[in-house]
């Protein structure tokens, strides 16, 4: 069992890693364009609340991807469940806006408490999403 044996699964690793990275870029592009505040610009300006919410959404999306990669048998599963994870994250943001209508303005204003709530909700939804994928 040498290095060659250890690297025998590298092609699968690379395919899944690149596929997950592409899905993550798509998620980030859609999420940041669907939210009314501009996370990237706010983060560049030093807004910690925007960074917390975006990282929460990102983790809430990536946790289900990691779960499906660990448990799936195909790239189709990854794509399908990636889309579902994206929908759940966008739905979570919309739910948070129903509960806290001021949320986009609060994030723009740098309200860390609102950001922690949204990030926590995003991560909780991602964990539930990942657990439910197992069936």
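Scanning segment 24-60 for residues that are without any contact (Cβ under 8 Å) to a residue 24 or more places away in the chain, on the phi < 0 side of the Ramachandran plot and not in a helix (DSSP H, G or I), we see that the one that is surrounded by the most Cβ atoms within 10 Å (Cβ to Cβ) is 38.
When 80, 90, 76, 63 are checked against the criterion of being within 30 Å of residue 16 (Cβ to Cβ) and surrounded by 18 or more Cβ atoms within 10 Å (Cβ to Cβ), 63 stands alone in meeting it.
Let's see how each residue does on (1) modelled with pLDDT under 95; (2) farther than 16 Å from residue 125 by Cα; (3) out of contact with any helix residue (DSSP H, G or I) (no Cβ under 6 Å at 6 or more places or on another chain):
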residue	(1), (2), (3)
13	yes, yes, yes
19	no, yes, no
28	no, yes, yes
41	no, yes, yes
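The set of residues from segment 110-135 being more than 30 Å from residue 12 (Cα to Cα) and surrounded by fewer than 13 Cβ atoms within 10 Å (Cβ to Cβ) comprises just one member, 113. Where helices (runs of 4 or more DSSP H) fall entirely within segment 71-135, those with at least 1 residues that are more than 23 Å from residue 44 (Cα to Cα), free of Cβ contacts under 8 Å to residues at least 24 places away in the same chain and out of contact with any strand residue (DSSP E or B) (no Cβ under 9 Å at 6 or more places or on another chain) are at 75-99, 112-133. Residues in segment 96-135 that are out of contact with any helix residue (DSSP H, G or I) (no Cβ under 8 Å at 6 or more places or on another chain) and under 22 Å from residue 68 (Cβ atoms): 128, 132, 135.
The values are calculated or read from the model by the stated rules, or taken from the named source; none is laboratory data. As the structure is a prediction and not an experimental result, all values here were calculated from the model. Using ideal geometry, Cβ is built from the backbone for each residue, glycine included, and neighbour counts are taken over all protein chains shown.
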